[in-house]
Amino acid sequence: MYYFSPCVCGCCGALRPRYKRLVDNIFPEDPEDGLVKANMEKLTFYALSAPEKLDRIGAYLSERLSRDVARHRYGYVCIAMEALDQLLMACHCQSINLFVESFLTMVRKLLEADKPNLQILGTNSFVKFANIEEDTASYHRSYDFFVSRFSEMCHSSYEDPDSRTKIRMAGIRGLQGVVRKTVNDELQANIWDPQHMDKIVPSLLFNLQQEEGIERSPSPETEKEKESPVELTERCFRELLGRAAYDNIKNAVKPVLMHLDNHSLWESKTFAVRCFTIIMYSIQSQHSHLVIQQLLGHLDANSKNSARVRAGIVEVISEAAVIEASGSIGPTVLEVFNTLLKQLRLSVDYELTGSYDSFANMGSKVIKVHEERQLQEAVIKTIGSFANTLPTYQRSEVMLFIIGKIPVPGMYPALGSANTGVEGSRMIQIMLLKSLLQVTGFQSTNILTALPTSFLDPLLSFTLMEDAEIRLLVLDILISIIDRHDNRHKFSPVRIISDISVLKLKVDKCSRQDNLFMKKHSQRLYRHIYLACKEESSVQRHFESLHTLLGLICVELANEEVVVDLIRLALALQDLALTEEALPVYNRCAIHALSAAYLNLISQLTTVPTFCQHVHEVIESRKKLVPFLLPEDVLVESSKIPEKVEGEVLFVQAKIAEMLGGSGYNTERLATPYIPQITDEDRLSKRKSIGDTVSLQLEMESRNSPEKEQRSTAEQITFETLKQAIVDSVNVEELERERRRQVVERFQTAPFEEIAAHCGARASLLQSKLNQIFEITIRPPPSPSGSVGNGHGRSHSVPVYEMKFPDLCVY
């Protein structure tokens with residue numbers, strides 16, 4: 001029979017392993033007393049002295065914690081986690097990996113608990129662990145559970161608002177800890193994989209969005225103690241994006257786009273703009289163009305979505321481009337503008353057709369015209385935002401790219417779809433010219449590169465179109481490019497100024513490039529300005545823009561020869577207002593006022609006293625006799641130009657030439673009236689649409705046809721012929737308009753085979769004419785001997801282009 005003394009049980013405690021005894025000693029009898037610090041120091045020293053025991057210490061602590069959680073002894077749970085945290089901070093040996101596994105097991109157990117306090121406790125311990133830089137790598141550690149659990153906590157719907165906020169903030173800090181722990185560790189699972197980003201990013205955006213529905217009344221004490229969930233979320237989001245490398249930008253941005261799509265947040269724009277503002281400021285600057293490209297791709301993917309959604313995406317693109325002004329577009333500059341112009345064209349098609357599908361009307365989506373107009377304005381604004389980020393040489397390329405997209409009569413094809421027709425081409429012309437105006441807002445030092453021939457030719461062709469809005473846009477574009485010293489606003493409104501020094505014009509000496517430009521293009525500019533004044537549909541803004549353009553040419557590009565030509569042009573405009581009786585009264589008054597205001601300006605710039613005196617006398621006479629011929633009174637009610645305007649109210653070209661001749665100006669040129677030369681380009685541009693251009697081509701063809709030639713030779717001009725021509729002149733315009741309409745209708749409705757056959761006939765006619773010309777050119781000359789071969793009158797001499805002439809006969 002064995003007998004055990006009561007003291008044996010007490011002695012058995014000494015037989016337990018030392019690490020267990022040290023662990024047990026850190027727990028007080030009353031958990032409210034907290035961790036026993038002296039015993040904790042002993043446990044830490046033992047762990048540092050015997051690192052091989054660290055994994056056992058962790059396993060035993062994990063066992064005790066699990067037991068305490070099950071028994072709801074949460075005080076001891078807190079003590080165990082505090083001990084684990086201190087051991088983690090103190091030990092960095094190679095054996096720490098096994099200890100970390102025990103630690104993460106305990107954190108997982110706390111996160112799985114239902115109590116908010118335990119979840120927050122586990123999160124705090126994980127955040128501390130995430131801030132530790134480990135000396136040894138871990139090949140088998142996984143954080144998938146923590147990504148999922150922390151993301152779930154970010155969406156917590158706990159009943160108590162305070163507890164819910166604490167759980168969500170804990171989830172945000174936990175995600176931040178996961179990112180810090182894994183983002184730079186190549187041995188860990190890639191946190192940038194879509195499976196992880198699709199959980200992390202939406203969780204952060206969900207909390208970032210909560211600010212809109214929260215009305216906070218912060219107290220000074222709470223603001224000092226902690227930051228709000230939104231501020232914490234933004235800081236975490238910025239840190240995540242700041243760590244993204246080149247290959248990871250797409251995976252980080254794509255969940256943002258999907259979140260905005262799924263929650264219909266593009267239409268409100270505010271939150272979407274805020275998200276991408278954070279993104280553009282947080283990522284590395286050299287990666288900004290990747291975000292822009294993703295947004296443009298997303299815009300293309302939503303081409304058939306509602307106009308409000310597309311407008312929201314465009315607004316975000318515009319804001320993103322403004323933020324990163326240095327290289328945000330990247331290497332694919334023209335692709336960016338091509339995408340935006342494509343959206344502009346699609347919006348015009350949608351507005352005119354009323355459908356997102358050209359083949360079948362999508363009844364579920366109703367197109368609202370005012371929303372499409374808002375989208376178009378947003379796209380134009382975005383084009384301007386992108387243009388402002390580009391250097392001058394790239395802006396010139398973009399200008400050429402856009403002008404190449406505009407349907408110009410006779411030069412480029414129409415961009416409108418088959419369903420939109422002429423009106424679609426007109427709207428696209430207006431939209432693209434507005435876009436071009438946004439791009440031209442820069443100051444170029446070299447006018448030759450800013451206005452190359454390839455750009456100026458199609459641009460000037462628009463100044464003669466009958467659409468008043470198009471002409472006004474072209475004038476604004478020319479003004480924007482020529483104005484290099486911000487003088488344009490000083491010329492409006494049009495008025496007579498006795499002393500132009502009050503305008504404080506910035507005038508520089510004309511450079512060599514400016515002289516070359518004016519030598520090459522000045523006459524074309526003058527001609528288009530002159531012809532633009534003859535347009536009956538011009539209104540006040542057109543004449544104001546023309547005055548500004550003339551003033552800028554005088555200030556920015558004028559040399560002595562240019563000044564002479566500008567004076568001649570102003571006097572020619574005066575003659576135009578006197579002789580062109582078909583113009584409306586207002587237009588004739590406005591042309592007189594334009595001429596007076598401009599001569600007043602240029603006379604003071606030339607500083608020739610006699611010239612200034614003459615202009616001043618004429619203006620004073622007009623103030624007394626015909627005030628409606630001055631810009632200040634051009635809109636007077638019931639104003640009429642007298643049947644004969646003459647005498648002291650007109651500027652006299654001979655006097656001006658004599659006055660300026662004494663100051664060294666070219667008197668002979670000054671005395672020659674300016675007469676614009678009408679070119680084929682001007683006649684071609686004077687059309688309403690592309691269809692009218694086809695009409696012109698057919699008209700020229702019909703005039704050159706053989707039947708027309710035979711019929712014209714047979715006709716004889718008699719008195720009756722002239723009489724009949726006068727009688728029928730009233731109906732000529734209507735008949736011509738009807739004929740053009742039929743031609744346009746034919747080209748729009750005729751089958752392709754018929755049009756192809758018609759073009760083939762034209763080619764045959766051209767070939768026959770060429771053969772006749774070649775026969776005349778290659779006709780052999782007479783033989784020097786005067787003899788004929790074989791009794792016939794036909795010589796077999798070599799053609800002219802094969803004959804060899806003596807050297808003395810060749811120059």
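The values are calculated or read from the model by the stated rules, or taken from the named source; none is laboratory data. This one's a predicted model, so the numbers in the text were calculated from it and none came from an experiment. Note that we place each Cβ from the backbone using ideal geometry, even for glycine, and neighbour counts take in every protein chain shown. Each accessible area value is taken on the protein alone, full model and side chains, heavy atoms only, with ligands, DNA and RNA left out. Shrake-Rupley method; radii C 1.70, N 1.55, O 1.52, S 1.80 Å.
Ranked from highest to lowest mean number of other Cβ atoms within 10 Å per residue, what is the order of the peptides 556-564, 167-175, 391-399, 57-65?
Working: 556-564: 18.1, 167-175: 24.8, 391-399: 16.2, 57-65: 21.3.
Highest to lowest by the protection proxy: 167-175, 57-65, 556-564, 391-399.
Keeping all protein chains in place and using 1.4 angstrom, which order do CYS78, CYS154 fall into by accessible surface area, from largest down?
CYS78, CYS154
Quick one: 3J(HN,Hα) in Hz for segment 477-492, Karplus 6.51/-1.76/1.60 with θ = phi - 60°, rounded, Gly and Pro as x.
Per residue, the Karplus-derived 3J(HN,Hα) values read 5, 4, 4, 4, 6, 6, 6, 10, 10, 6, 9, 4, 6, 7, 9, 10 Hz.
As a test question: what accessible area, to the nearest 10 Å², does LYS623 have when a 1.4 Å probe is rolled over all protein chains in place?
Rounded to the nearest 10, the figure is 110 Å².
Mind ranking PHE45, PHE129 by accessible surface for me, highest first, 1.4 Å probe?
Reading off the accessible areas and sorting them downward yields PHE45, PHE129.
Which of LYS20/LYS115; LYS405/LYS520; LYS434/LYS504; LYS128/LYS166; LYS20/LYS42 have a Cα-Cα distance over 19 Å? Don't jump to the answer; show the numbers that get you there.
Numbers: LYS20/LYS115 28 Å; LYS405/LYS520 25 Å; LYS434/LYS504 30 Å; LYS128/LYS166 17 Å; LYS20/LYS42 12 Å.
Where the Cα-Cα span goes over 19 Å, the pairs concerned are LYS20/LYS115; LYS405/LYS520; LYS434/LYS504.
So, taking all protein chains as they sit and a 1.4 Å probe, how much accessible area belongs to LYS181, in Å² rounded to tens?
For LYS181, solvent-accessible area is about 20 Å².
How large is the dipole of segment 226-296 about the Cα centre if only Lys and Arg carry +1 and Asp and Glu carry -1, each at its Cβ, rounded to the nearest 20 debye?
I would put it at about 80 debye.
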